[in-house]
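Accompanying notes for the structure given below.
The values are calculated or read from the model by the stated rules, or taken from the named source; none is laboratory data. In this text the structure is predicted, and so the values were computed from the model without any measurement. Glycine gets a Cβ as well: all are built from the backbone with ideal geometry, and neighbour counts include every protein chain shown. We work out accessible area using only protein heavy atoms, side chains counted, and drop any ligands, DNA or RNA first. Shrake-Rupley method; radii C 1.70, N 1.55, O 1.52, S 1.80 Å.
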Amino acid sequence: MIVSWNWLKDYVPLDVPVTDVERKLMLAGLNHEDTNPVGDDLAIDLEVTSNRPDCLGHIGIAREAAVLFGQPLKMPAANPPTATAAVAGLTRVTLQAPALCPRYTARVIRGVKIKASPQWMVDRLATIGIAAINNVVDVTNYVLMECGQPLHAFDLHRLDGREIIVRDARQGEKFLAINHKTYELEPGMCVISDRSHAVGLGGVMGGANTEVGPATADVLIEAAQFDPISIRSTARKLNLHSDSSYRFERGLDPEGVDWASRRACELILELAGGELAAGVIDVGRPPAPRDSIVLRLSQLERVLGITVPVDRVRKILAALGNEERTADAARVEVIPPSWRRDLAREIDLIEEVARIHGYDAIPEDVHVPMAASARTHRDRVLGRLRTALVGAGLDEAMTSSAVEEAASEAFSPWTDAPALRSPIPVLRRADRLRRSLIPSLLLARRTNEAVGNPPVELFEVARVYLPRPKELPQEELMLSLTSGDDFLRVKGLIEGLFSALNAPVALEVRAYQHPLLQAGRAAELSLGGERIGFLGEVSAAGLKEFELRGAATVAEVHVAVLEQVARLIPQAGDLPPYPAVSRDLNLVVEEAVSWGAVEQTVRASAGPELEQIKYLDTYRDQQRLGQGKKSLLFSMVLRSREGTLTSGAADQVRDAVLAQCAKQHGAKLRAS
């Protein structure tokens, strides 16, 4: 925000050096960037944070200065004289898109004389970097930079039917803006139109067909409220940004709309003559009343560590525009002003008192009670996972939430819906919000390989964005990793994560097919029949697509499931008093039968005596086993809690397992 020093002093008497004002404003939250002389004026560059749109005008800055220096604020009256003719007989306004434009007002001035603005207005606009155009357009820019409320002036006679219609844009509708560029619109954009075509893009820019020019005699003054999200989306999609859109994106004072309209009419009558029609067309909903906020003085002392007298607190809040309802020695209740939408809670008022009273008035060694925040269950789970992964030799990666389209399409196991697209790429061509972390990690792997940083063992915990029709995207937290090890080692690493969480569950592994992953070396991970993730070695085509030199294995797991099964508090139990018995089995099965399926059958049929099952090896030999056969070698550890498990009882468990494996998978015990 560029502020004119001479202009600022119209609203608040400042008989102090400009450096004092810069310093106090900076300490109060308006960071001073630079000050440059412009003619006999000074252009003061202040950084205004997004939560303070009230400071995007000279009056807002003057209000802050008035409070900081204890001076009165002088506001222009904004009471223009009116003629007898009523505005309702000169124009009409129809509001068809209240969601995009909650409120629209219009006033009409007839008989204006378009000419150059007086030198004082030209100089002030020049100080803040705005070129003068003519007296009517300059007034709308002047009021914009005075109070922060954007305005627009239409040539009334160039409006078809002298009517304003506020509506949603039509798909493919064309709009010629005052910058003389044509834009293609789409639904969701707010259009200001007459009976035949668009004459303005609400909150962003006016149209060339109805702009005020030398032949203009009658003008319609627009002052309105627009939906901030719609304005932000429109400006970004069209790459069409303006001083108006910058302010509407941040939300403006709803009660300042009519004041800005009256102020503009007052200045136009003064500089361009004419007659202002009586009344105003005001359609839409009126400003909603603000809820009151209670500030407890005990909380003020607890947070700041100092005592601020109640009279000082009341004076600060009143000077900032808060309307006091009640006050006593313990509390102050106020209604915040309409221009301070950032004031909604008690802590907001505490911050206001602190910054106006002065942060420099708070001693460095003041005692402020501190309480350590508690870690959530998710925090503890993620901490345990990170410790396990780092201990296994992996490094944590942090990658961008957006990727290029090709990378996004390479792997999306959680949804088939098209990825959300950002109109402004986060990085070059990276305009798709990722639906999986795996493409990001493979890109990171390629970067590390290119600069010679082997081995590349990476993991990441971050969100993916799964699109949903007519709803906000579903954000899910995922844990992904990439390794140079093979499928079995990475599977063991995933199982090790469950062990680190003391999860009393068995991971189910089913065959999975995807072009990015190698056939027969890829799996879908499940718990209790619910899909929780994916694991697989990257196929040759996948390695080529991501330009990888060496072999790579990837995995991705849903963090929410890990949270559910985690048992972070160790549970102690009695050591089993009876010895364990082991049985080794070597089953011959068809090539298509997976170890995961056999493991599930073993666990289901072995009964409570099964303590552990361990995969040992897979053997293939056509001459000994037959065409399309393989043998699976594994070991079972059996133990009874009731007594010593006899050899006969262990054999019964083994026989039950063999019977079920034969039934479910056609398995046979290998003879030799």
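General observations
- Gap separating the Cα centres of segment 239-313 and segment 573-590, nearest whole Å: 76
- Here the Kirkwood formula puts the hydrodynamic radius of segment 552-611 at 16.2 Å, using every distinct Cα pair.
- GLY202 sits among other residues whose Cβ lies under 11 Å from its own Cβ, and their net charge, with Lys and Arg +1 and Asp and Glu -1, is -2.
- Whole-number accessible area per residue in Å² for segment 574-637, which is evaluated in the context of all protein chains at 1.4 Å: 58
- Separation between Cα centres of segment 428-489 and segment 319-340, rounded to whole Å: 50
- One way to sum up the overall shape of segment 312-378 is the equivalent ellipsoid from its Cα gyration tensor, whose semi-axes run 26, 18, 12 Å, largest first.
- Ligands, DNA and RNA are left out, and with a 1.4 angstrom probe the accessible area of segment 70-150 is 43 Å² per residue.
- Note on segment 149-291: dipole from Cβ charges, positive end direction compared against ILE281, ALA215, SER230; the farthest Cα belongs to SER230.
- Pairs of Cα atoms farther than 50 Å apart, the chain, %: 39
- Accessible solvent surface per residue of segment 484-552, calculated while the other protein chains remain in place, 1.4 angstrom probe, Å²: 49
- If R0 is 25 Å, the Cβ-Cβ spacing of HIS377 and ILE347 corresponds to a FRET efficiency of close to 0.40.
- ALA523 long-range amide H proximity, modeled H, under 5 Å: TYR512, LEU535, GLY536
- With viscosity 0.692 mPa s and temperature 37 °C, the Kirkwood radius over alpha carbon pairs of segment 448-505 converts through Stokes-Einstein to a diffusion coefficient of 230 µm²/s.
- Every Cα-Cα pair of segment 500-558 was included, and the share exceeding 18 Å stands at 39 percent.
- Residues listed by number, segment 621-642, amide nitrogen under 14 Å from GLU590 label point at 7 Å toward C-beta: 627-630
- Relative compactness, segment 568-671, computed as alpha-carbon Rg over 2.2 N^0.38 Å: 1.20
- Of the solvent-accessible surface of segment 302-358, computed with a 1.4 Å probe over protein heavy atoms with every protein chain present, carbon and sulfur atoms account for 49 percent.
- Computed packing ranks the peptides 16-27, 258-269, 47-58 as 258-269, 47-58, 16-27, most packed first, by mean other Cβ atoms within 10 Å.
- Whole-Å distance, taken between Cα centres, linking segment 645-672 and segment 40-109: 85
- Compactness check for segment 403-539: Cα Rg over 2.2 N^0.38 Å is 1.10.
- When peptides 318-327, 553-562, 631-640 are ranked by their average number of other Cβ atoms within 10 Å per residue, the highest-first order is 553-562, 631-640, 318-327.
- The portion of the accessible surface of segment 1-145 made up by carbon and sulfur, rounded to a whole percent, is 53 (1.4 Å probe; DNA, RNA and ligands excluded).
- Helix 377-391 axis, angle to the chain major axis (alpha carbon atoms, nearest 10°): 60
- Alpha-carbon gyration tensor eigenvalues x 5, square-rooted, for segment 173-269, Å: 22, 19, 11
- Listed by chain and number, the aspartates and glutamates whose C-alpha is less than 17 Å from the C-alpha of LYS115, apart from same-chain residues fewer than 8 away, are ASP123, ASP138, ASP155, GLU211, ASP218, GLU266, GLU270, GLU275.
- Summarising the amide proton neighbourhood of VAL3: residues at separation of 5 or more, or on other chains, whose placed amide H is nearer than 5 Å comprise ILE44, ASP45, LEU46.
- Of all lysines in the structure, the ones whose alpha carbon falls short of 30 Å from that of LYS668, not counting any fewer than 8 places away in one chain, are LYS491, LYS614, LYS629, LYS630.
- Calculated [θ] (222 nm, deg cm²/dmol) that DSSP helices of n ≥ 4 give over the chain, each run adding -39,500 (n - 2.57): -9000 deg cm²/dmol
- Cα-based radius of gyration of segment 411-479 once divided by 2.2 N^0.38 Å, which approximates compact folds: 1.26
- Computed on the Cα atoms alone, the convex hull of segment 233-355 gives a volume of 181 cubic angstrom per residue.
- Pair-distance profile P(r), taking every C-alpha pair of segment 354-425, with 10 angstrom steps and integer %: 12, 19, 21, 23, 17, 8
- In a reduced charge model with +1 at each Lys and Arg Cβ and -1 at each Asp and Glu Cβ, the chain shows a dipole moment near 1720 debye about its Cα centre.
- Converting phi to 3J(HN,Hα) with the Karplus coefficients 6.51, -1.76 and 1.60 and the offset θ = phi - 60°, segment 207-212 yields x, 6, 5, 10, 6, 6 Hz in sequence order, with x at every glycine or proline.
- Quarter of Cα convex hull surface for segment 284-415, i.e. mean projection, nm²: 16.3
- Accessible surface of segment 601-672 [probe 1.4 Å, protein heavy atoms]: carbon and sulfur percent: 44
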